[in-house]
């Protein structure tokens with residue numbers, strides 16, 4: 001089996017003459033946690049959207065698990081095992097935590113999204129739903145509405161719903177965005193735990209999170225991959241420090 005679960009080669013995305021992603025190439029090693037970082041406006045979210053097929057590349061090639069997915073549809077890629085979370089938490093506020101996870105678990109069953117079925121007929125999914133809630137530390141709140149929990153716990157719930165889809169590659173877009181300090185470490189611990197069973201590619205602004213979690217880091221600036229390496233290598237790279245810090249490059253390193 002190929003050591004790399006995802007290979008993106010020379011990805012380009014243009015919008016009315018503006019090049020948001022410019023010949024970006026990424027190789028994501030199977031079983032790793034790989035971070036994509038860069039200053040605001042670098043093209044990170046656009047790159048994520050290209051990889052997960054929410055956007056079609058202007059040119060370039062994408063290979064997932066050895067299969068060319070350049071022209072695949074988002075739903076097809078998700079069924080293959082590439083699952084993405086978004087910057088804004090996407091949970092059903094009027095449903096309980098258990099119901100949110102159970103809804104995600106319905107997808108691979110023989111009767112997904114048959115909302116008219118009696119609730120009792122879905123009870124067979126409750127055991128796995130509770131396992132996933134326990135994984136993210138929410139089992140004790142299973143009967144609460146999603147609207148009743150804190151933002152940090154909503155992000156944990158969202159991760160539970162993505163893990164319910166049994167991903168081989170989990171893409172996390174700003175998993176700690178908007179969180180208070182007290183919520184960040186539990187999410188770090190959760191991502192580390194999840195990475196035991198799948199590969200993780202994440203966009204993250206918080207460099208403490210990147211330093212603590214990442215095996216490899218790719219730095220994107222102005223739509224191009226500037227460099228790749230470990231945190232120790234990337235954080236002392238003069239070009240990276242200049243991209244992040246401008247005139248302060250001589251005063252401090254990243255983080």
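Figures for the structure shown
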| read-out | value |
| --- | --- |
| Residue satisfying all of: in the range 36-60; surrounded by fewer than 21 Cβ atoms within 10 Å (Cβ to Cβ), in contact with a helix residue (DSSP H, G or I) (Cβ under 7 Å, 6 or more places away or on another chain) and without any contact (Cβ under 8 Å) to a residue 60 or more places away in the chain; nearest to residue 85 (Cα to Cα) among these | 54 |
| Flag for residue 133 being in a helix (DSSP H, G or I), crowded, with 17+ Cβ neighbours inside 10 Å and either modelled with pLDDT of 90 or more or more than 21 Å from the chain's Cα centre (by Cα) (or both) | yes |
| Conditions (1) assigned to a helix (DSSP H, G or I); (2) closer than 30 Å to residue 22 by Cβ; (3) modelled with pLDDT under 90; number of the one not met by residue 87 | (1) |
| Selection status of residue 121, part of a helix (DSSP H, G or I), more than 21 Å from residue 189 (Cα to Cα) and modelled with pLDDT of 90 or more | no |
| Check on residue 167, farther than 22 Å from residue 36 by Cβ and either modelled with pLDDT of 90 or more or surrounded by fewer than 19 Cβ atoms within 10 Å (Cβ to Cβ) (or both) | no |
| Boolean, residue 49 is within 20 Å of the chain's Cα centre (by Cα) and modelled with pLDDT of 95 or more | no |
| Residue match in the range 229-242 (condition: modelled with pLDDT under 90, surrounded by 20 or more Cβ atoms within 10 Å (Cβ to Cβ) and on the phi < 0 side of the Ramachandran plot) | yes |
| Any hit, the range 61-71, residues being under 23 Å from residue 158 (Cα atoms) and either within 18 Å of the chain's Cα centre (by Cα) or buried (at least 20 other Cβ atoms within 10 Å of the Cβ) (or both) | no |
| Qualifying residue in the range 72-84 (condition: at pLDDT 90 or above, assigned to a loop (DSSP other than H, G, I, E, B), in contact with a strand residue (DSSP E or B) (Cβ under 7 Å, 6 or more places away or on another chain) and over 22 Å from residue 167 (Cβ atoms)) | no |
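The values are calculated or read from the model by the stated rules, or taken from the named source; none is laboratory data. As the structure is a prediction and not an experimental result, all values here were calculated from the model. No Cβ is skipped: glycine too gets one built from the backbone with ideal geometry, and neighbour counts run over all protein chains shown.
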